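Peer 1: Sharing a structure below in structure tokens format, with a few things to ask.
The values are calculated or read from the model by the stated rules, or taken from the named source; none is laboratory data. Being a predicted model, the structure only gives us computed values, none of them experimental. Cβ atoms come from the backbone with ideal geometry, glycine included; neighbour counts cover every protein chain shown.
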Amino acid sequence: MQIFHGDIVTCDQNGSVFKCLVEEEGKIIFVGDELPAVYADCSEIVELGPNALLPAFGDGHIHFSSWALFNSTFDVRSATTIAEIKPIIKSYADSDPKAKVIFGFGHSRHILSEKRLITRTELDEASKDRPVYLVCYDGHSAVANSAAIGLLSPKIRALRGFDLESGQLFHEAFLEATDLISGRIPPLKLMSFIAKGIDTLAEYGIGLVHTVEGVGFPRDLDVDLVRFVARSAQIQFRIYFQTMEVNKVLKRKLPRIGGCFACALDGCFGVKDAALLDPYSDDSQNKGILYYSDEAVMDFVTKANQAGLQVQLHCIGDAAVVQAVKAIKAALEDYPRMDHRHTLIHACLIPEPILEKIASLGIGVTLQPGFLISPLEPADYLEKIIGERAHQSSPIRKMIEMGIHVSGGSDGPVTVPNPIEGIYGACNHHDPEQSVSIVDALRMYTYNIAWTSFDEKERGSLENGKIADMIILNKNPLQLAPGNLLELKVEKLYLSGKEYIEGRSLPGILINSFKNRSRPV
């Protein structure tokens, strides 16, 4: 038994803050201001002092295996010139001479003095003999060196978005190339990346992860590897299979389907292929790309809904949001479900009438407030390409006031999976009228994430009977101004009442995974 005394920020529906919490055998057995006499003799008391106890954070949308890969390779977000990128690549290549492909992430022309992407020949200067695949910050484009392009089939080279001269890949070419090149990672190496990634998420205070998996590994190996490791992890994983093949999900007895890649209805603003109802402000001939017809999306969602699956759909532009909502509406008319918890991912631009439909249909929205404060895609760029619509994006407060269920995620590796940055972004929206309260932002990264995956009865808030997944922060966030929220740091993570243990060995993970084969993911 442990007693925590100090600021207990519960993140319950009333925004309650108490002074005492009692944990026993992994469960919360008391929360309140006055400690009952029955617990007076407990010798294990944690005095919080200036710190605060909160529910463990969650990440409502992350490409976990992809982020874990890039978390273990190299990141170029610190580079301010193309010349600075080359030694970063060379240093990593020298550190891992056996790597079959050199993967990197975070390339953004917006933070480079040249205001352009690196080219194939410039990547060749960093590593000529081994394939280099540098994914851009948006997760929808990449640049490949000559050796990496040599791996691509004629079919991929013929797809929209492939450019041999520059080595740049966009649209379908990027998706197919990423699937192919990701498959060259040895399974044991990927598993070691995943194990390291779990420890990193724990440092951010994350106890519940909603991960989208399925990026072209042979036989969907990444999906099964994450399923396998998740059974052993102290952190809870909920897997969304990125496929439109419903039978693949049912075969694995997973309750969720969707995400990005194969389930992406459109692209992104970084590549200007997010699907819009009206053209881009700086390109009157471009409305972006809808990857599927309305009929194809309706057919997919209807089949998944009939099978009792929870569906998530990537949609960034307003045309894609309209298509997603139309498909979910048709699926629910075909087979009504009162508590489906189907969810839109990103949903940056939402027409007002569609907001009302989202609310009336009970559709959730998982977005990435951390991106609102990212220099990788600055506000002036968005204003240039979509004009006034940039000020209408991600209307978080309006959605919450309309009763739409809004949760937060990182979209890692697109942003760093640090919930504190997401909470800061939600409270410091580029449109001040859409900034939310600190209480609502905390709920977006705790209770609301648990709700999205039907976990709210056990996790997401500090209430009697719930599992004691908790964090200690260095300060009480409710006592900070919104502009100071980045001062927060996670001091400790408790899962089922026990302090998180870092550095579990790969053999130990394998053994525990076999022991816990019935654990839900």
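Peer 1: Can you say whether residue 472 is among the aliphatic types (A, V, I, L, M) and crowded, with 24+ Cβ neighbours inside 10 Å, as far as the supplied structure shows? Outline the logic, then answer.
Peer 2: Values: among the aliphatic types (A, V, I, L, M): yes; crowded, with 24+ Cβ neighbours inside 10 Å: no.
So residue 472 does not fit the description; no.
Peer 1: Moving on. Counting only residues that are aliphatic (A, V, I, L, M) and touching a residue at least 40 places away in the same chain (Cβ under 8 Å), which one in segment 13-32 is surrounded by the most Cβ atoms within 10 Å (Cβ to Cβ)?
Peer 2: The qualifying residue surrounded by the most Cβ atoms within 10 Å (Cβ to Cβ) is 21.
Peer 1: Another question about this same structure. What about residue 388, is it surrounded by fewer than 24 Cβ atoms within 10 Å (Cβ to Cβ), without any contact (Cβ under 8 Å) to a residue 40 or more places away in the chain and out of contact with any helix residue (DSSP H, G or I) (no Cβ under 8 Å at 6 or more places or on another chain)? Talk me through it step by step, then tell me what you get.
Peer 2: Numbers: surrounded by fewer than 24 Cβ atoms within 10 Å (Cβ to Cβ): yes; without any contact (Cβ under 8 Å) to a residue 40 or more places away in the chain: yes; out of contact with any helix residue (DSSP H, G or I) (no Cβ under 8 Å at 6 or more places or on another chain): yes.
In short, yes.
Peer 1: Within segment 199-225, work out how many residues are under 15 Å from residue 66 (Cα atoms), touching a Leu at 6+ places or on another chain (Cβ under 8 Å) and either hydroxyl-bearing (Ser, Thr, Tyr) or touching a residue at least 60 places away in the same chain (Cβ under 8 Å) (or both).
Peer 2: Within segment 199-225, residues that are under 15 Å from residue 66 (Cα atoms), touching a Leu at 6+ places or on another chain (Cβ under 8 Å) and either hydroxyl-bearing (Ser, Thr, Tyr) or touching a residue at least 60 places away in the same chain (Cβ under 8 Å) (or both) number 3.
Peer 1: Residue 302 fails exactly one of the following numbered conditions: (1) assigned to a helix (DSSP H, G or I); (2) under 17 Å from residue 411 (Cβ atoms). What is the number of that condition?
Peer 2: In the conditions (1) assigned to a helix (DSSP H, G or I); (2) under 17 Å from residue 411 (Cβ atoms), residue 302 misses (2) alone.
Peer 1: Looking only at segment 477-488, which residues are exposed (fewer than 15 other Cβ atoms within 10 Å of the Cβ) and either closer than 12 Å to residue 54 by Cα or in contact with a strand residue (DSSP E or B) (Cβ under 9 Å, 6 or more places away or on another chain) (or both)?
Peer 2: Within segment 477-488, 479 is the sole residue that qualifies.
Peer 1: If you take the residues of segment 248-302 that are surrounded by 21 or more Cβ atoms within 10 Å (Cβ to Cβ) and of a type in the set (D, E, K, R), which of them is farthest from the chain's Cα centre (by Cα)?
Peer 2: Only one residue tops the list, namely 273.
Peer 1: Let me ask something else about it. Could you list, in sequence order, all residues of segment 307-338 that are assigned to a loop (DSSP other than H, G, I, E, B) and either closer than 21 Å to residue 408 by Cβ or over 21 Å from the mean Cα position of the chain (by Cα) (or both)? Give the steps one after another, and end with the answer.
Peer 2: Narrowing segment 307-338 to residues assigned to a loop (DSSP other than H, G, I, E, B): 307-309, 316-317, 335-338.
307, 308, 316, 317, 335, 336, 337, 338, listed by residue number.
Peer 1: Something else about it: Tell me which helices (runs of 4 or more DSSP H) are completely within segment 94-172 and hold 1 or more residues being free of Cβ contacts under 8 Å to residues at least 60 places away in the same chain and among the charged types (D, E, K, R), or say none if there are none.
Peer 2: Correct list: 120-126, 154-157.
Peer 1: Oh, and also: Residues in segment 339-360 that are part of a helix (DSSP H, G or I) and more than 13 Å from residue 322 (Cβ to Cβ): how many?
Peer 2: The qualifying residues number 2.
Peer 1: Quick one: which residue in 228, 261, 269 is farther than 21 Å from residue 69 by Cα and of a type in the set (Phe, Trp, Tyr)? Outline the logic, then answer.
Peer 2: Details: 228 fails: farther than 21 Å from residue 69 by Cα; 261 fails: farther than 21 Å from residue 69 by Cα.
Exactly one of 228, 261, 269 is farther than 21 Å from residue 69 by Cα and of a type in the set (Phe, Trp, Tyr), namely 269.
Peer 1: Go through 344, 313 for me and flag whichever is touching a residue at least 40 places away in the same chain (Cβ under 8 Å), buried (at least 24 other Cβ atoms within 10 Å of the Cβ) and in contact with a Cys (Cβ under 8 Å, 6 or more places away or on another chain).
Peer 2: So the residue among 344, 313 that is touching a residue at least 40 places away in the same chain (Cβ under 8 Å), buried (at least 24 other Cβ atoms within 10 Å of the Cβ) and in contact with a Cys (Cβ under 8 Å, 6 or more places away or on another chain) is 313.
Peer 1: Hey, residue 289 hits all of (1) farther than 29 Å from residue 196 by Cα; (2) without any contact (Cβ under 8 Å) to a residue 60 or more places away in the chain but one; which does it fall short on?
Peer 2: Result: residue 289 fails condition (2) only.
Peer 1: Can you tell me which residue within segment 178-203, out of those that are modelled with pLDDT of 95 or more and buried (at least 21 other Cβ atoms within 10 Å of the Cβ), is nearest to the chain's Cα centre (by Cα)?
Peer 2: The selected residue is 201.
Peer 1: Among the residues of segment 42-64, how many are in contact with a Phe, Trp or Tyr (Cβ under 9 Å, 6 or more places away or on another chain) and outside any strand (DSSP E or B)? Lay out the reasoning, then the answer.
Peer 2: First pass over segment 42-64, keeping only residues in contact with a Phe, Trp or Tyr (Cβ under 9 Å, 6 or more places away or on another chain): 45-48, 53, 55-61, 63-64.
The next check asks that each one be outside any strand (DSSP E or B); those that pass are 56, 63-64.
Total meeting the criteria: 3.
Peer 1: Out of 79, 68, which single residue is in contact (Cβ under 8 Å) with a residue 24 or more places away in the chain, closer than 30 Å to residue 258 by Cα and under 27 Å from the mean Cα position of the chain (by Cα)?
Peer 2: 68
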